[in-house]
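Everything below concerns the one structure shown next.
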Amino acid sequence: MKIPLYQIDAFTGKVFGGNPAAVCPLDSWLPDATMQSIGLENNLSETAFIVPSDGQYAIRWFTPTVEVELCGHATLASAYAVFNILEPSRTSVTFSSKSGPLGVSRLDDTLVLDFPSLPPIPCDPPQALLAALNVKPASVLLAKSNNYMAVYEREDDVRALDPDMDMLASIGSAHAFICTAPGTDVDFVSRFFAPKQGIPEDPVTGGAHCTLTPYWSKRLNRNPLRALQLSKRGGELFCEDRGDRVNIAGRAVLYLEGAIHV
């Protein structure tokens, strides 16, 4: 079997930046084990599989080790593939997913994700989380996605983070960890760690901004917002709080086009 594959850098306007995602268009779903093996073989933070469904598409996402319920950058990459390769006449698409319908619209060279809002609430952080972080946060919150969010007062604190990944992975109640602070030149910055999902540090995490957007919009009393994710590759996101939904916008570029033989 020959499966098309597009590797697309998301939340960036140039190759070698943002977060690379693999997008595999299918006629119908492959066995779960095969899709997981492809995710492992691709060795990217996410591989998205999309299948036509009632004039739209269904989408699933796999890290190298697990299937996840929501992924922003691979959805952005999938929309890029639809708009620029599969159906160039389209300007909007809706993906059905385990997290409900996810809309994407094209506005010039920017793609706008319509995602659920997942605001965080204060919590008592696990002691292992505080021990794993080499810089102490000002506060810790917990999102509905079961992501812990450590809030810092300065951008430099987030840049200086070098967490103990083994200790983070040992925190059984957590899916992943967002670390964030007010930005120097943007509204806010963040980093994202998900060692339990096979992703020690994710380059740019659209799904984390389902939590970051409502938090910072309320705290800064500002809407819309510009954000940077401070990984080595870096990524730029434009966010808007819309109540029970958020808009997360960014650009994407095609890096690789090929085929998988399985």
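The values are calculated or read from the model by the stated rules, or taken from the named source; none is laboratory data. On a predicted model such as this, the values are computed, not experimentally measured, just so you know. Neighbour counts run over all protein chains shown; Cβ positions are idealised from the backbone, glycine included.
Among the residues examined, residue 219 qualifies as assigned by TED's automatic domain parsing to the domain that holds residue 181, free of Cβ contacts under 8 Å to residues at least 24 places away in the same chain and among the basic types (Lys, Arg). Out of curiosity, is residue 156 modelled with pLDDT of 95 or more and not in a loop (DSSP other than H, G, I, E, B)? Here the answer is yes, as residue 156 does meet what is asked. When 207, 235 are checked against the criterion of being in contact with a Phe, Trp or Tyr (Cβ under 6 Å, 6 or more places away or on another chain) and either touching a residue at least 60 places away in the same chain (Cβ under 8 Å) or in the same structural domain as residue 164 (by TED's automatic domain parsing) (or both), 235 stands alone in meeting it.
For the range 75-93, filtered to residues that are surrounded by 20 or more Cβ atoms within 10 Å (Cβ to Cβ) and of a type in the set (S, T, N, Q), the residue that is farthest from residue 224 (Cα to Cα) is 78. Pairing residues of the range 98-109 that are in contact (Cβ under 8 Å) with a residue 40 or more places away in the chain with residues that are aromatic (Phe, Trp, Tyr), at Cβ distances under 7 Å and at least 6 apart in sequence or on separate chains, gives 102/95; 102/115.
Working only within the range 98-111, note down all residues that are outside any strand (DSSP E or B) and either surrounded by fewer than 19 Cβ atoms within 10 Å (Cβ to Cβ) or among the hydrophobic types (A, V, I, L, M, F, W, C) (or both). Residues satisfying the conditions are 98, 100, 101, 108, 109. Within the range 112-145, being outside any loop (DSSP other than H, G, I, E, B) and under 16 Å from residue 179 (Cβ atoms) holds for 120, 128, 129, 130, 131, 132, 139, 140, 141, 142, 143.
Only residues that are among the small types (Gly, Ala, Ser), over 12 Å from the mean Cα position of the chain (by Cα) and closer than 15 Å to residue 149 by Cβ were counted across the range 198-229, and they come to 2.
Looking only at the range 149-160, residues that are under 17 Å from residue 201 (Cβ atoms), of a type in the set (A, V, I, L, M, F, W, C) and buried (at least 20 other Cβ atoms within 10 Å of the Cβ) come to 3 in all.
When the range 180-232 is examined, which residues are found to be crowded, with 21+ Cβ neighbours inside 10 Å and among the basic types (Lys, Arg)? If the condition is that a residue be crowded, with 21+ Cβ neighbours inside 10 Å and among the basic types (Lys, Arg), then 191 is the only one that fits.
Condition check ((1) of a type outside the set (Gly, Ala, Ser); (2) more than 19 Å from residue 196 (Cα to Cα)) across all residues:
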site: 20; (1), (2): yes, yes
site: 30; (1), (2): yes, yes
site: 38; (1), (2): yes, no
site: 57; (1), (2): yes, yes
site: 78; (1), (2): no, yes
site: 83; (1), (2): yes, yes
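Before we move on, is residue 201 within 23 Å of residue 23 (Cβ to Cβ), assigned by TED's automatic domain parsing to the domain that holds residue 36 and either assigned to a strand (DSSP E or B) or basic (Lys, Arg) (or both)? So residue 201 does not fit the description; no. When the residues of the range 4-29 are filtered to those that are hydrophobic (A, V, I, L, M, F, W, C) and in a strand (DSSP E or B), the one that is farthest from the chain's Cα centre (by Cα) is 5. The listed residues are 214, 163, and the only one of them that is in a loop (DSSP other than H, G, I, E, B), under 21 Å from residue 235 (Cβ atoms) and in contact (Cβ under 8 Å) with a residue 12 or more places away in the chain turns out to be 163.
Checked against the criterion of being surrounded by 18 or more Cβ atoms within 10 Å (Cβ to Cβ), farther than 21 Å from residue 6 by Cβ, at pLDDT 95 or above and not acidic (Asp, Glu), the range 251-262 has no qualifying residue.
Only residues that are aromatic (Phe, Trp, Tyr), assigned to a helix (DSSP H, G or I) and touching a residue at least 40 places away in the same chain (Cβ under 8 Å) were counted in the range 77-97, giving 1.
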